[in-house]
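Right, one structure below, let's go through it.
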């Protein structure tokens, strides 16, 4: 709760500091604010607190998710390059303030102990992302992406709220602990039928937020149309918060109704894996490929939610961290190369634009390769262990077909991820040396190093979860 208050005040402060400080200073101060937020969050370690009328709970699990979210936001700000030098059309103080407010919403989503707090956190996060998605007002694709995201997000929120209403009507409470007790103490035949409908409607509303099929249609267009730095934020912070909330609700609160939602969730996870991976194969744009990749990773994470094992919490945390680091690295390199290629080629986001990157930019090529290898689940990277832990949880539940499909889809993923690696190392191109700021280099090196360290020593981090 202290971190939420601090980041909210920091966001308001940013709006005023923007009148007096330079772009670079605002960027550095925002990073400092997020570092302070991480430090404040860590002070609650091994302490469980209830805040705000017992509607908000802080424990080690919520702290871990909060740290991943703030760490992702920290690196996104580091990769923002203070939004360039376009004084007329970019407003860094406002963007950074909105990102801090969005981070606050994400932290609420991982720490709620009341369904209304979930809704508040979700709306703070979502409204901020609608604004950031359409922030490039001169770009029609950005405007289109914002409209699509807003309209479909509004429908999903309505479905979620309707589901909450039905759950409240059946249980007479919004408090998580009370919901758990009511469901555990009521015989299945005595439960109102609309409780089951409410649970499934809440599932649909939350699955939209994490881009699970068939609620994924907004994802490729929004990821492609939004400015890359905000796509990076959306694909890491929003997805981590969404999965933390889904796991908290369904594997925790609605565990007594496991038979109601487990089969739909397994079906949706398999559909998500197929659609995400198969469609990614046909993409020529790296940004759209990463969008469908994001969809496919939602399918893997849903498997461990459905498995509901004792180790599922640590598996989701590890997967979230591994996916976040790899995605940050991939988008950071993509941002540099696409900005370099703008004006030099008609399609700077395509695989062809990355051809020959390794010749003059070995550091960028190495970082990009490590990130794609991790997303593909290749050994010695964090992504391998993330998938291994998820597959282990599913296998221990004795679910055969989803795990077989997941392994097959992982093989499909290797194909389209390696298209990027082949373009970088084995194709001829004319990319010259790309200038990178010191801060950008350090941030890129840290995310790449994190991916490798987690791949070599996974238990060092998983033991903390």
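Here are the criteria: (1) over 25 Å from residue 253 (Cβ atoms); (2) touching a strand residue (DSSP E or B) at 6+ places or on another chain (Cβ under 9 Å). Tell me which single one residue 108 does not satisfy.
It is condition (1) that residue 108 fails.
For residue 146, only one of the following conditions fails: (1) more than 24 Å from residue 228 (Cβ to Cβ); (2) surrounded by 20 or more Cβ atoms within 10 Å (Cβ to Cβ). What is its number?
Residue 146 satisfies all of (1) more than 24 Å from residue 228 (Cβ to Cβ); (2) surrounded by 20 or more Cβ atoms within 10 Å (Cβ to Cβ) except (1).
With the structure loaded, tell me whether residue 414 is under 25 Å from the mean Cα position of the chain (by Cα), surrounded by 14 or more Cβ atoms within 10 Å (Cβ to Cβ) and not in a helix (DSSP H, G or I) or whether it fails that test.
No; evaluated as a whole, the condition is false for this residue.
Select from segment 15-44 the residues that are surrounded by fewer than 16 Cβ atoms within 10 Å (Cβ to Cβ) and touching a helix residue (DSSP H, G or I) at 6+ places or on another chain (Cβ under 6 Å) and write down the one among them that is farthest from residue 5 (Cα to Cα).
24
Restricting to segment 17-35, and then to whatever is assigned to a helix (DSSP H, G or I) and either in contact (Cβ under 8 Å) with a residue 60 or more places away in the chain or within 17 Å of residue 62 (Cα to Cα) (or both), can you tell me which residue is nearest to the chain's Cα centre (by Cα)?
Just the residues of segment 17-35 that are assigned to a helix (DSSP H, G or I), to begin with: 17, 23-35.
With the extra rule that they be either in contact (Cβ under 8 Å) with a residue 60 or more places away in the chain or within 17 Å of residue 62 (Cα to Cα) (or both), the set shrinks to 17, 23, 26-27, 30, 33-34.
Values: 17: 29, 23: 26, 26: 24, 27: 22, 30: 20, 33: 21, 34: 17 Å.
Checked segment 17-35; the qualifying residue nearest to the chain's Cα centre (by Cα) is 34.
How many residues does segment 156-182 hold that are closer than 28 Å to residue 130 by Cα and touching a strand residue (DSSP E or B) at 6+ places or on another chain (Cβ under 8 Å)?
Matching residues across segment 156-182 total 1.
Output yes when any residue across segment 257-273 is closer than 28 Å to residue 79 by Cβ, assigned to a helix (DSSP H, G or I), in contact with a helix residue (DSSP H, G or I) (Cβ under 6 Å, 6 or more places away or on another chain) and modelled with pLDDT of 90 or more, and no when none is.
yes
Would you check if there is a residue in segment 150-171 being outside any helix (DSSP H, G or I) and either more than 25 Å from residue 269 (Cα to Cα) or more than 16 Å from the chain's Cα centre (by Cα) (or both)?
No, the conditions are met nowhere in segment 150-171.
Looking at residue 317, is it under 13 Å from residue 424 (Cα atoms), in contact with a helix residue (DSSP H, G or I) (Cβ under 6 Å, 6 or more places away or on another chain) and crowded, with 23+ Cβ neighbours inside 10 Å?
So residue 317 fails the test.
Scan segment 302-317 residue by residue and report those that are over 13 Å from the mean Cα position of the chain (by Cα) and assigned to a helix (DSSP H, G or I).
Correct list: 302, 303, 304, 305, 306, 307, 312, 313, 314, 315.
The values are calculated or read from the model by the stated rules, or taken from the named source; none is laboratory data. In this text, all values refer to a predicted model and were calculated from it rather than measured experimentally. Note: ideal-geometry Cβ built from the backbone for every residue, glycine included; neighbour counts use all protein chains shown.
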